[in-house]
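> Before anything else, here's the structure in question.
No value in this document is a laboratory result; all are computed from the given coordinates. This one's a predicted model, so the numbers in the text were calculated from it and none came from an experiment. Quick reminder, even Gly has a Cβ in these numbers, built from the backbone with ideal geometry, and neighbours come from all protein chains shown.
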Amino acid sequence: MSWLKKHNPQILWEKHTLVFNSLYCSNNCLATPAVLELKAVEEIPVPYQEFARVFSEEESSKLPPHRPYDIAIELLPDAKPRHGPIYSLGPREDAELRETIEKQLKAGLIRPSKSPMASPILFVKKKNGKLRIMTKKNAYPLPLPQNLIEKLQGAKIFSKFDLRAGYNLVRIKEGDEWKTAFKTKYGLFEYLVMPFGLTNAPAAFQDMMNEIFRDLLDVYVIIYLDNILVFSLNEKDHEVHVREVLKRLQDNNLFCNIEKCHFHVKRIDYLGFIISEFGIEVDQSKVTDAINWSTPKNVKNIQEFLGFVNFYRRFIPNFGNMARPLYNLLKKDTPLLLQPDTTKQFYVECDASDYATGAILSQRNPEGKLAPVAYLSKSLSPAEKNYDIFDKELLAVIRAFKEWRHLLEGSELPVQVLTDHKNLEYFSTSQSLNKRQIRWANFLVDYNFQINYRPGAQNKKADILSRRYDLVPLEGGVENQVLLKPELFVSAITPDQEINDLIGKAIYEDNRLKEILHKLQGKEKVLDWELREGLLWFQGKIFVPKDDTIRNLILESRHDALAAGHPGQARTLELVSRNYYWPSLKKFVNSYVSHCETCIRSKPTNQLPTGLLKPLHIPERPWEDIAYDMIVGLPVSEGFDAILTVIDRFSKMPTILKQMDKQNEYNERLKYSFASEFALNNLKQTSTGKSPFQICYGSNPRFSVGQKTDESVPNADEHAEFLERGYDEVKAALSLSQERMKHFYDQRHREEEEIQVGDKVWLSHQNISTNRPSIKLSHKKLGPYLVIEKIGSHAYKLQLPHTMRIHPVFHINLLTKFCPDPHGRDPPQPAPIITEEGEEEYEVERILDSKQKGRGKTRKLWYLVKWKGYDKGSNSWEPIDNVGNAQEALEEFYKEHPDAVGA
């Protein structure tokens, strides 16, 4: 009996075995090192040095005995052996692998294997910088740290123990070792102890620890896997508690890492919390992480930050109010991340854009709504950007299943894949797959899943992840593959599907449609209205809500697009109304077309010319008011090609101004000049009903010598009265003539627009030269130009470019008032200015830079020019000869850059 007390063997009745693992046997009977590590012994408090074996690194590396807690690995009946690839390792990892294998072979923890299955190995960095070998990772249930911490209320003294290589302290059930086989370039091996990463290993280890300390749990011990915390109210009780824990560890051949153990402390770090007699605090390193967190730039960033700080919300007073502004930035009903529950069904929401894929792993919360578990967003490689839309959407699914393989593989309930690409529904049944799709199909064979279509309007969360701003390719960073030569590219039209997608979202934001949508969604029938394909239809046409952006896109595709051809108002209305309808559609179309600058410049006007006739005042008597004009363009005769004419506006009497250059030709010229002037003055004028001679002198001259005349000579007063009566008759005749002329003129003209100084106007191309091969190919209107002065009632002075060397004053019938486009379209690039010589010139807006180019005599100054009306892509380097007329721009450039080349 004394021998049994001394050796204290453990009886395993199930296996008919005696196990000698007492302290006496370990120190005296079993093969143990003569001296334990001195450092470890020195670090162990004196009251516990009798348990020094618990802290021995060498003892912990030995093969533990078989116990009731050995882990069994059960395979499914139809499971097939698998072989993973051997991953390439770096020099450090290679050395660590060799050292680990040799060490574990020597300790008997692994052995060479002939297993028909094998998994690859990978490394995970420990906190101390060392590497830990792992196999395939899977999900496992764990106690909630928050629940464990709540058990510490009132405790004042703490001790913490961290098991050394805890998983290696559990044996694999005899006969199951081949299932743990792993392969390396040094051979195939299998574990005799439980390795890290083995399926159900955490659950098995936690179960073992709970069995060993079952009666102590929540009394003065809490355990989270290999982390043991002993807590007590006072020092006396605490020593008893620690001794009991160490005794059980020693009795069960469980060993601790002395470097991670703490004895009899009043403040300790456990599972990310700082625990003391005063309560629970947050680990300062976690606070530092929160303080140094980068500023959130999108919804996902905000969710990540809130998910992190929410774990510690109990330590933040008034957390809800402080965090409310961030929560307000989230989308409606966006929840925080849930803990994954492998017993519930998973949902994978996927989407792909031109440059990235996004996915959300979700499960239903207690309210039955989908709540996110994890997020995934990843950019596309240059090759993946060339995939068609089907393959991009399928790639989003593949990436999601690879990312969350540990949660989705082997799921009893089918994983519901939600996508806005309807064709993916038929992927599993499709008989025609390319090589890439076949490879993906083979990958998905291992998963239990179903693909379900969900319209884009309901797939916004995944859509956001696939369009993260930070994944958008930078300018110049996209590797474009040229599929169509630039010279073959005509134009791009916004597809109707994109417009319809916008309409499908906007109808729910139009308050006027809420009642109709509510009835239609409730399966009520509403006359002329129906809801299908995510769109609202009115009398068989898509109803467009009150959104000018969408309406402008529709008009752009039906009017501005090259394939539309800039039709007029009626034809544009017909094109739009084929598919769409909204109130006041005709008014909107007419406004859009009438403000189209391309149409204004290129199409002839179908309106009457502007400017009604405003006759001049009628003079009171002859030669009170005169008019003069130049007759130009005549054939050159004796050095002259123009005539200056002066006409009395009252009598219509012309006077020809004559200039003689040679005295001997005077008589001949005088004869013809007098004859012409006499003939004109002797003719009856239609406007006055009399000849100029009769109005001015009271009678017509004799036409021949034999003509009889009244020989009597009236006195001067009678003659003056006679002329006055004649003047009255002439004024009446002139007034009647002006009225008749105005009546006929105004029938072919319309009232002029109100134009003020400072307005902009279009200028008719009439009488302005062009270098186009045909006048019909020229723009019908130029400008718009600024009005700088009003001259009279019908003329305006314009601010023209200095290269247009023409008189800047124009009659109102050549001008059309410019109205800004209310539809927000970018104005078309301005046409080149046509100089007096008929050459094209473009207006310089700014000089951006200067440089010298060439050598020797060919060396010349060049300038980088920003052209007016053109974007920066049209900027060009021009020699100084081409910017000679832009003196103001040059002076402004050198004023801003006095050290520039050429200053």
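> How long is the gain from Asp162 to Asp641 if the chain were fully straight, where each residue apart is worth 0.36 nm and the alpha carbon distance is subtracted?
Stretched out fully, the Asp162 to Asp641 stretch lengthens by 160.9 nm.
> Listing Val636, Val883, Val730 from the residue with the fewest other Cβ atoms within 10 Å to the one with the most, what is the order?
Val636, Val883, Val730
> A follow-up question, please. Along Cα→Cβ, 7 Å out, is where each label goes; now give me the distance between the ones at Lys860 and Leu786 in nm to one decimal.
3.2 nm
> How high is the FRET efficiency between Asp899 and Asn875 when r is their beta carbon distance and R₀ equals 30 Å, given to the nearest 0.05?
Using R0 = 30 Å, I get an efficiency of 0.90.
> Glu367 to Lys546: FRET efficiency via 1/(1 + (r/R0)^6), r the Cβ-Cβ distance, R0 45 Å, to the nearest 0.05?
Efficiency, from the Cβ-Cβ distance: 0.85.
> Just to be sure I understand the model, the point goes 7 Å from the Cα along the line to the Cβ. What's the resulting Ile268 to Gln339 distance in nm?
The answer from the label model is 2.2 nm.
> So between Asp215 and Glu892, what do we pick up on full extension, going 0.36 nm a residue minus the alpha carbon distance?
Length gained between Asp215 and Glu892: 234.8 nm.
> Working out 0.36 nm times the residue gap between Ser381 and Ser577, then minus their Cα-Cα distance, what length gain in nm do you get to one decimal?
66.3 nm
> Taking R0 as 22 Å, what's the FRET efficiency between Lys868 and Ile806 from their Cβ-Cβ distance, rounded to 0.05?
For R0 = 22 Å, the calculated efficiency reads 0.70.
> Calculate the spin-label point distance for Arg436 paired with Asp510, positioning each point 7 Å from the Cα along the beta-carbon direction, and give it in nanometres.
Inter-label distance under the simple model: 3.9 nm.
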